[in-house]
Amino acid sequence: MIAVLVAVLVLVLIAPAVLAKPDMSKPLPATDVELVKKVTLHGKSGGGGGGKPAGGAATGVLGEQLGTGAKKYAIIVGISDYPGTLSDLQYCDDDAEDMYAALTTLYGYKSSNIHLLLDMGASFAAIQGAINDIKSKAKADDEVVFFFSGHGTNGVADDGDREKTDEAIVSHDGNQSGSFVAIWDGQLKDWFSGFSTTRIIFIFDSCLAGGMTDLKADGRVINMACSESGLSYEDGSWQNGQFTYYFVDQGMLAGEADTYDNIAGIADVTIEEAFDYAKADCRMQKPTISDSFSNDLLL
């Protein structure tokens, strides 16, 4: 009888800890955390360009296009100037500005529907707030883009999934001693749950980007600059991160990724075409994609 009472008491004491869910609105506890910095090459990029993808993601067949009256929203994050100087990058803000230019000049996004978060403006709270703002507005037939260029990190985080090792993007929060605030993959998954639309495009130009497949869901395309364990690079010869240079700057803005004539008479680079072009041209890193959209997605 005493043994039974002790067992019940133990269950009562541990049950709240077992059943408690992490508070996704705040930075999450994590252990074994390692900041994996995007690498600045300083003129050692070794060229690239002109590659042709073999067996790429693009099918040459357009998937469902946005209907009349549908709206387009975006959150664009680029962090070059992290707290202090030890973790600074050079071209992540340029990456974000190029993505902004592509969306507004080529794909009909209105600036009023875009959250452009650069450097100290890209805090944990600002990124979360931007996602929540668009979640409150986007309807079932609308389109959403989330772009991030900056550092990545990994560790063991209490982010609601069962992964042994979690990946994250790094917000601007932190201090000059090198501490930083991560937004974990499971946390991003939670923030992007509940969207009325399934038409969401993710673009990650950061180290360990290939780990962002937690965000996979119907209608979504996740473009990741490297593998789950890989590094991402930037260089002055590109004035961008390598992946963004080929995906956005050359692939979209310069039209180099326009492989298929999807709509006669206009430049119409699809997400899959841009990815294929970037994958073929990137050196030292291997872009990956998770594509749950039927056929090719034209923004």
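The values are calculated or read from the model by the stated rules, or taken from the named source; none is laboratory data. Every value quoted in this text rests on a predicted model; they were computed, and no experiment measured them. In this analysis, Cβ positions are derived from the backbone assuming ideal geometry, glycine residues included, and neighbour counts consider all displayed protein chains.
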- Quick one: would you say I169 is under 25 Å from A20 (Cα atoms), assigned to a strand (DSSP E or B) and touching a helix residue (DSSP H, G or I) at 6+ places or on another chain (Cβ under 9 Å)? yes
Checked against (1) outside any helix (DSSP H, G or I); (2) surrounded by 15 or more Cβ atoms within 10 Å (Cβ to Cβ), I127 satisfies every condition except (1)
Of the residues in region 97-124, those that are over 17 Å from the mean Cα position of the chain (by Cα), of a type in the set (G, A, S) and crowded, with 20+ Cβ neighbours inside 10 Å number 0
Taking region 65-96 and the residues there that are more than 18 Å from L41 (Cα to Cα) and of a type in the set (A, V, I, L, M, F, W, C), the one that is surrounded by the most Cβ atoms within 10 Å (Cβ to Cβ) would be V77
Subset of region 133-164, residues without any contact (Cβ under 8 Å) to a residue 12 or more places away in the chain and either of a type outside the set (S, T, N, Q) or in a loop (DSSP other than H, G, I, E, B) (or both), comes to R162, K164
- prompt: Based on what the data block shows, is E234 touching a helix residue (DSSP H, G or I) at 6+ places or on another chain (Cβ under 8 Å) and not in a strand (DSSP E or B)?
  reply: no
Checked region 185-216 for anything in a loop (DSSP other than H, G, I, E, B) and at negative phi; matches are F192, S193, F195, S196, T197, T198, R199, S206, C207, K216
Of those in region 233-256 that are farther than 18 Å from T105 by Cβ and among the hydrophobic types (A, V, I, L, M, F, W, C), the residue surrounded by the most Cβ atoms within 10 Å (Cβ to Cβ) is F243
When you check V61 against the structure, is it at pLDDT 95 or above and among the β-branched types (V, I, T), yes or no? yes
*In region 71-91, is there at least one residue being in a helix (DSSP H, G or I), within 21 Å of the chain's Cα centre (by Cα), within 24 Å of I203 (Cβ to Cβ) and at pLDDT 85 or above?*
no
Residue hits (region 265-275; within 17 Å of the chain's Cα centre (by Cα) and not aliphatic (A, V, I, L, M)) are E272, F275
Here the residues within region 261-273 that are within 14 Å of Y246 (Cα to Cα) and in contact with a strand residue (DSSP E or B) (Cβ under 8 Å, 6 or more places away or on another chain) are T270, I271, E272, E273
Residues of region 253-299 being free of Cβ contacts under 8 Å to residues at least 60 places away in the same chain and either of a type in the set (G, A, S) or not in a loop (DSSP other than H, G, I, E, B) (or both), in sequence order, are A254, G255, A257, A264, G265, A274, A278
